[in-house]
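The values are calculated or read from the model by the stated rules, or taken from the named source; none is laboratory data. The structure displayed is predicted, hence computed values, not measured ones. Counting neighbours? That spans all protein chains shown, and the Cβs are built from the backbone with ideal geometry, glycine included. For the accessible areas, the whole protein counts, side chains as well, though only heavy atoms, and no ligand, DNA or RNA atoms are used. Shrake-Rupley method; radii C 1.70, N 1.55, O 1.52, S 1.80 Å.
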Amino acid sequence: MEKENSGSFNYTGRSFSKLSVNDDSSAFSDCNSDRSGEFQTASSQNRLLLLACAAENPDDLIRQLVSDLESCSIDEQKQAAMEIRLLAKNKPEDRLKIAKAGAIKPLISLISSSDSQLQEYGVTAILNLSLCDENKELIASSGAIKPLVRALRTGTSTAKENAACALLRLSQMEENKVAIGRSGAIPLLVNLLETGAFRGKKDAATALYSLCSAKENKIRAVQAGIMKPLVELMADFGSNMVDKSAFVLSLLITVPEAKTAVVEEAGIPVLVEIIEVGSQRQKEIAVSILLQICEDNLVFRAMVAREGAIPALVALTQSGTNRAKQKVSLILNFRLFKTSCLLLLLQLTWHACFGNQCRFVGYLFEGGDIDRSSTATKIQ
């Protein structure tokens, strides 16, 4: 292989123009997949040559690579899997061609390999092929779910992250959600959420959010101990995981087991803190979760009141989003909270009583109908 000039390459007796390759992997997946970097066997020039060869005669190249996946040589298998991963990452139009050429089943076999690098290459290639929606059904029906779950358990950190992303892609088909949950993926994703690096946590949270739209997966996640990492991540404003964790919790909180679990993991103080100092979106999610926790449970309402949530909730009636205000009004109209609000507001100064706070008292007494034409509600 020789570099002919700065604008072209000579490869297998043919000359190819230099191609531009986009390395921004975030464009390839809704969970920022395939950030494993360049494999050691492929230099930047080799990548350009591979893509140039694919552009010249893609069908022949794809057939050869698929054949090499079933080679007796592990090195040839690795090279073929790496090149398929590369093509599927950078040439979206080839993803369906690769699948139709028969690559799916041999790649799934590689995911079960005892060679960790070969397993990683297989997982990553399957992930990139799953970015084509037409491939997802074939990947699932070819038996990819269990090997991907095995990679979540035994793979390298990159293999685990990419397996989480691949399962996310497959879970976007409703019929796969329950199958993935029953395959044992949920506890492994919870573990990745708790112990993984930032990318692993993010990918695990995204996959869990998709999977837990199925009720039985919500219960599995709670039983797997998801509340502990969720509460810890929500409490850490520097983690860049507050929003994702809160969204997952808002999905889980609809089942009774989740309400008890989040209270046991000291989630109420964290939610109150988010309402006090979080972003507008974070406050809205936290209020929605508190509403679910307080519904039909006087004990949990008392715990929320003891954490000092009332002032923050009252403030949100003035400064929150419209959706947050609606949720707050429902919370403050619960029995116990009305009394707590009245006790709080009676401590305000006479001046404050002629402002918005006193109008809020009228709101509570009148069941939510405020005469907004009045500039103030005066105490007689």
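Considering only the stretch 312-319, I want to know if a residue exists there that is under 29 Å from residue 197 (Cβ atoms), of a type outside the set (A, V, I, L, M, F, W, C) and either in contact with a Leu (Cβ under 8 Å, 6 or more places away or on another chain) or not in a loop (DSSP other than H, G, I, E, B) (or both).
Taking every residue of the stretch 312-319 in turn, none turns out to be under 29 Å from residue 197 (Cβ atoms), of a type outside the set (A, V, I, L, M, F, W, C) and either in contact with a Leu (Cβ under 8 Å, 6 or more places away or on another chain) or not in a loop (DSSP other than H, G, I, E, B) (or both).
Quick check on the stretch 136-155. Is at least one of its residues under 15 Å from the mean Cα position of the chain (by Cα), crowded, with 24+ Cβ neighbours inside 10 Å and touching a residue at least 12 places away in the same chain (Cβ under 8 Å)?
So far as the stretch 136-155 goes, no, none of its residues is under 15 Å from the mean Cα position of the chain (by Cα), crowded, with 24+ Cβ neighbours inside 10 Å and touching a residue at least 12 places away in the same chain (Cβ under 8 Å).
Looking for whichever is of a type outside the set (Ser, Thr, Tyr), within 21 Å of residue 73 (Cβ to Cβ) and either open to solvent by less than 10 Å² (accessible area, probe 1.4 Å) or in contact with a Ser or Thr (Cβ under 9 Å, 6 or more places away or on another chain) (or both) here; the options are 161, 174, 120. Which one fits?
When all the criteria are applied, what remains is 120.
Going through the stretch 80-111 one residue at a time, which ones are under 14 Å from residue 69 (Cα atoms), open to solvent by 10 Å² or more (accessible area, probe 1.4 Å) and at pLDDT below 95?
Residue satisfying the conditions is 83 alone.
Determine which member of the set 230, 188 is out of contact with any Cys (no Cβ under 6 Å at 6 or more places or on another chain), of a type in the set (A, V, I, L, M) and more than 22 Å from residue 292 (Cα to Cα).
One residue alone meets the criteria, 188.
Go through the stretch 77-135 and count every residue that is more than 20 Å from residue 159 (Cβ to Cβ) and part of a loop (DSSP other than H, G, I, E, B).
Selection size over the stretch 77-135: 4.
Quick one: count up the residues across the stretch 190-236 that are open to solvent by 50 Å² or more (accessible area, probe 1.4 Å) and within 13 Å of the chain's Cα centre (by Cα).
Matching residues across the stretch 190-236 total 3.
Show me the helices (runs of 4 or more DSSP H) found entirely inside the stretch 247-306 where at least 1 residues are open to solvent by less than 40 Å² (accessible area, probe 1.4 Å), charged (D, E, K, R) and farther than 15 Å from residue 227 by Cα.
Once the helices (runs of 4 or more DSSP H) in the stretch 247-306 are filtered for at least 1 residues that are open to solvent by less than 40 Å² (accessible area, probe 1.4 Å), charged (D, E, K, R) and farther than 15 Å from residue 227 by Cα, what remains is 280-294, 298-306.
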